[in-house]
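The next block holds one structure in the form of structure tokens; read it before the comments.
Only the coordinates and a few stated rules stand behind these numbers; no lab work does. Since we're looking at a predicted model, the values are computed, not measured. Cβ placement follows ideal geometry from the backbone for every residue including glycine, while neighbour counts extend to all protein chains displayed.
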């Protein structure tokens, strides 16, 4: 286990709760990119797989925690997209 890997994951992980809160409370996708979220999620999955196959240690839990937060942000992205579509339809008089 590398202390630098732990620091990196803790620092990255500290930012996700703020992103989740912003996504949830704003109910919009302003400033969000599903492509970016997907790339970051794929990176965390790659980190987990590396830990499983080559270097299993407790850091895997930080990768998993961060991955779950990114997945939650992805789910909020789709929720917010659906809310935006519904709002557009209501404003256009379709409902």
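The table below gives the values:
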item	result
Crossing angle, helix 60-91 versus the chain [Cα axis fit, 0-90 degrees, rounded to tens]	10 degrees
Per-peptide average of other Cβ atoms within 10 Å, ordering 40-47, 55-62 highest first	40-47, 55-62
Simple label model, 7 Å out from Cα along Cβ direction - residue 49 to residue 18, nm	3.1 nm
Cα long-axis angle, helix 34-53 against the chain (0 to 90 degrees, to the nearest 10)	20 degrees
Rg to Rh quotient for the chain, alpha carbon positions, Kirkwood Rh	1.13
Helix-only CD estimate at 222 nm, as mean residue ellipticity for the chain, using -39500 (n - 2.57) per DSSP H run (n ≥ 4)	-28500 deg cm²/dmol
Estimated distance in nm for a label pair at residue 64 and residue 28, the labels positioned 7 Å out from Cα along Cα-to-Cβ	3.7 nm
Sequence of 63, 21, 54, 77 once ranked by neighbouring C-beta atoms within 10 Å, starting from the fewest	54, 21, 77, 63
